[in-house]
1. Which is loosely packed, with under 14 Cβ neighbours inside 10 Å, over 17 Å from ILE91 (Cα atoms), touching a helix residue (DSSP H, G or I) at 6+ places or on another chain (Cβ under 8 Å) and modelled with pLDDT of 95 or more, of ASP148, ASP152?
2. If you go through the stretch 181-199 one residue at a time, how many are in contact with a strand residue (DSSP E or B) (Cβ under 8 Å, 6 or more places away or on another chain) and charged (D, E, K, R)?
3. What pairs come out if I take residues in the stretch 183-205 that are touching a residue at least 12 places away in the same chain (Cβ under 8 Å) and on the phi > 0 side of the Ramachandran plot and pair them with residues that are of a type outside the set (Gly, Ala, Ser) and part of a strand (DSSP E or B) whose C-beta lies under 9 Å away, six or more apart or interchain?
4. Within the stretch 169-209, which residues are closer than 11 Å to ALA89 by Cα and among the aliphatic types (A, V, I, L, M)?
5. Here are the criteria: (1) at pLDDT below 95; (2) within 22 Å of THR80 (Cβ to Cβ). Tell me which single one GLY135 does not satisfy.
6. Does ALA163 count as in a loop (DSSP other than H, G, I, E, B), buried (at least 19 other Cβ atoms within 10 Å of the Cβ) and either at pLDDT 95 or above or of a type in the set (Gly, Ala, Ser) (or both)?
7. For GLY42, are the conditions met, namely being closer than 23 Å to PRO190 by Cα and either modelled with pLDDT of 95 or more or out of contact with any Phe, Trp or Tyr (no Cβ under 7 Å at 6 or more places or on another chain) (or both)?
8. Name the residues in the stretch 173-209 that are in contact with a Pro (Cβ under 7 Å, 6 or more places away or on another chain), under 19 Å from GLU140 (Cβ atoms) and surrounded by fewer than 22 Cβ atoms within 10 Å (Cβ to Cβ), would you?
Amino acid sequence: PREILREAKPSAKLVFVGKAPGKHVYTQDEINKMLVEEACKGKIVVRLKGGDPYVFGRGEEECMYVLEHGVPCEVVPGITSAIAGPAYAGIPVTHRGTASSFAIVTGREALEKNKRMVYYGAIARAVDTLVIVMGVTNLENIVREILDAGVDPETPVAIVEKATMPEQRVVIGKLADIVEKARKAGVKPPAVIVVGEVVRLRDKLWKLA
């Protein structure tokens with residue numbers, strides 16, 4: 001939230017390096033170099049990120065780069081949107097008797113790599129709860145792959161858009177219809193997708209969210 005930036009000193013230099021699908025103000029290489037350049041000027045540099053820097057945040061890449069260039073750094077862990085988002089929507093990723101395992105995967109795997117490392121259908125069958133981040137633009141392909149793996153079409157799905165933000169909204173469906181529901185609702189990134197029986201718990205827990 002922008003409110004956090006108010007905690008910075010008035011003299012602090014604020015540089016926005018946020019990313020959206022297909023829209024990067026700075027490349028990752030440029031961000032890495034900027035961190036080192038500013039630190040070498042004797043400045044205290046804070047790389048502020050949403051969520052956890054080591055969960056699809058490329059924090060480890062940035063840390064390795066600055067350390068390789070002789071700049072010491074410290075990592076402050078955060079709470080990943082993959083867990084905070086569902087929680088704010090009244091959806092736990094685990095629940096006694098319902099879900100004893102969960103996996104967090106990127107939804108952009110098939111879009112960015114020639115060699116795939118994530119197979120959505122296999123993972124959905126292997127765990128009780130599947131949480132997908134950055135998957136809105138690839139939702140149709142992801143759902144198709146999960147269904148092709150034999151997962152029940154009636155499996156509940158939730159999409160939490162702008163998770164933990166004042167504008168947060170939740171679209172609920174099932175594998176059989178979530179693509180169409182998301183399309184009709186005009187769901188846009190950023191959003192967290194949750195697949196699994198834990199989504200049904202929202203009916204009881206949403207008032208606490």
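The values are calculated or read from the model by the stated rules, or taken from the named source; none is laboratory data. Computed from a prediction, not measured in an experiment: that's the story for all the values here. Every residue, glycine among them, receives a Cβ derived from its backbone with ideal geometry; neighbour counts consider all protein chains shown.
1. On the way: ASP152 fails: touching a helix residue (DSSP H, G or I) at 6+ places or on another chain (Cβ under 8 Å).
Answer to the check: ASP148.
2. Just the residues of the stretch 181-199 that are in contact with a strand residue (DSSP E or B) (Cβ under 8 Å, 6 or more places away or on another chain), to begin with: 181-182, 185, 187-199.
Going one step further and asking which of them are charged (D, E, K, R), we end up with 181, 188, 197.
Count: 3.
3. GLY196/PHE102; GLY196/THR129; GLY196/LEU130; GLY196/VAL131; GLY196/PRO156; GLY196/VAL157
4. VAL170, VAL171, ILE172, VAL192, VAL194, VAL199, LEU201, LEU205, LEU208, ALA209
5. Looking at each condition in turn, GLY135 falls short on (1).
6. Values: in a loop (DSSP other than H, G, I, E, B): yes; buried (at least 19 other Cβ atoms within 10 Å of the Cβ): yes; either at pLDDT 95 or above or of a type in the set (Gly, Ala, Ser) (or both): yes.
It is true that ALA163 is in a loop (DSSP other than H, G, I, E, B), buried (at least 19 other Cβ atoms within 10 Å of the Cβ) and either at pLDDT 95 or above or of a type in the set (Gly, Ala, Ser) (or both).
7. Numbers: closer than 23 Å to PRO190 by Cα: no; either modelled with pLDDT of 95 or more or out of contact with any Phe, Trp or Tyr (no Cβ under 7 Å at 6 or more places or on another chain) (or both): yes.
Answer is no for this residue.
8. LYS174, LEU175, ALA176, PRO189
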